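Worksheet for the structure shown next.
The values are calculated or read from the model by the stated rules, or taken from the named source; none is laboratory data. Computed from a predicted structure; not experimentally measured. Glycine gets a Cβ as well: all are built from the backbone with ideal geometry, and neighbour counts include every protein chain shown. Areas reflect the complete protein model, heavy atoms only, side chains present, ligands, DNA and RNA absent. Shrake-Rupley method; radii C 1.70, N 1.55, O 1.52, S 1.80 Å.
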Amino acid sequence: NLLGGGLPLGRTTLCVGNFGVGKTFFAQTALANFQKRNFTTAYVDTERRYDPQFFEKSSINIEKLFVIQPSSGENALDACIFLIEQQFGIVVLDSIAALVPTVELEGTMEDNTVASLARLLNKGLRKITEINTPSEDLKYKGTSFLAINQMRSGIGPYTSYALPGGQGQQYFSSILIRIMRGPFIEENGKRVGFYMKFTTDKNNLTEPYQDCMLPFRFEGYIDTVGGLVELAIDLGIIKQRGSFYVLNNDEDHLIHGKLALVEHIKQNTELFNSIKKKVYKDE
């Protein structure tokens, strides 16, 4: 519901957030899902943080993942353009903030390179937008280009945040997803994860300004049951009474605390399947 059917083909999606909120994990999940549908996948790593073991935890087949670690911002965007021309299913650029224009690499720290990243990025995105189109026979519907960027504090009372690389990236994107860190998940007094809050600040394909929360575990995965519970609560399938929760409209059977609720559903497969059908309207 948030994206209107997943990351779109033939479009640019921009994912932004502060440090440590799960932006790269979101990209890994997208890569894994595209691989399940037999799409070719590529990861352009400008941050030099590609870790095969961590990527495998997200169910990614690293043998089928094309990884590029470019030496400059120009090389990174040229690589993205090349991969799109080769009709890859999804190309991930991680991240815009780490793109270094050649003028900065070859210059000194005293050189004035104001707006060099913005000029480079705008030129690259113009090219990507022009070439990222379906084939004439429609067998290829375009590439899903996912770009990740970091958030900076905005200047002025009416600006919530700013993005390295200028404002152009927001105009070239069909979807802008903002990820924030929600409440921590605690078990036995220890933090074991946190809720990832997703908000679509822009969406040209469906209704914008939607949000949802998913429970991310530090082991490197989304808690499927916990995520289903969040959706069920948002849809009113599971009713909340303060810190208590009501299942199947049985007001006499209250469960105290979300953690206890998730554990209860995990231990009851029939209940889990029933809630899943209601959430996804299969019945």
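At-a-glance table
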read-out: Förster-model FRET efficiency, 22 Å R0, Phe54 and Phe19, C-beta, rounded to 0.05; value: 0.85
read-out: Viscosity 1.306 mPa s, temperature 10 °C, Stokes-Einstein D of the stretch 97-162 from Kirkwood C-alpha radius, µm²/s; value: 105
read-out: Distance from the stretch 235-256 to the stretch 10-74 (C-alpha centre basis), Å; value: 38
read-out: Trypsin sites (Lys or Arg not before Pro) within the stretch 193-283, DSSP loop, no more than 13 other Cβ atoms inside 10 Å; value: Lys281
read-out: Where only C-alpha atoms are counted, convex hull volume of the stretch 114-240 per residue in Å³; value: 196
read-out: In degrees, nearest ten, helix 23-36 long axis to first principal axis of the chain (Cα); value: 80
read-out: Angle between the chain longest axis and helix 73-85 axis [Cα atoms, degrees, rounded to 10]; value: 70
read-out: FRET E, pair Asp252, Arg191, Förster distance 51 Å, beta-carbon r, rounded to 0.05; value: 0.90
read-out: Shape box of the stretch 48-94 [Cα atoms, principal axes, largest first, Å]; value: 30, 23, 14
read-out: Set of aspartates and glutamates with alpha-carbon distance to Lys281 below 17 Å, sequence-local pairs under 8 removed; value: Glu230, Asp234, Glu270
read-out: For Asn18, residues with placed amide H under 5 Å, excluding near neighbours; value: Met151
read-out: Over 19 Å (Cα to Cα) - which of Lys23/Lys197; Lys36/Lys57; Lys36/Lys202; Lys57/Lys277 fall in this group; value: Lys36/Lys202; Lys57/Lys277
read-out: Sequence of Asp94, Asp78 when ordered by accessible area, the most exposed leading, probe 1.4 angstrom; value: Asp78, Asp94
read-out: Set of aspartates and glutamates near Lys190 by C-alpha distance (under 12 Å), chain-local residues within fewer than 8 positions excluded; value: none
read-out: Structure-based [θ]222 nm, the chain - -39500 (n - 2.57) summed over DSSP H runs of at least 4, per residue, nearest 500; value: -9500 deg cm²/dmol
read-out: At most 14 other Cβ within 10 Å, DSSP loop - GluC sites (Glu not before Pro), the stretch 131-198; value: Glu136
read-out: Diffusion coefficient, µm² s⁻¹, Stokes-Einstein with Kirkwood Rh over alpha-carbon pairs of the chain at 37 °C and 0.692 mPa s; value: 159
read-out: Between helix 116-131 and the chain: long-axis angle, C-alpha atoms, 0 to 90°, nearest 10; value: 80
read-out: Antiparallel %, DSSP beta bridges [both residues in the chain], to 5; value: 50
read-out: Diffusion coefficient, µm² s⁻¹, Stokes-Einstein with Kirkwood Rh over alpha-carbon pairs of the stretch 215-281 at 10 °C and 1.306 mPa s; value: 131
read-out: For the stretch 1-115, alpha-carbon Rg over 2.2 N^0.38 Å; value: 1.14
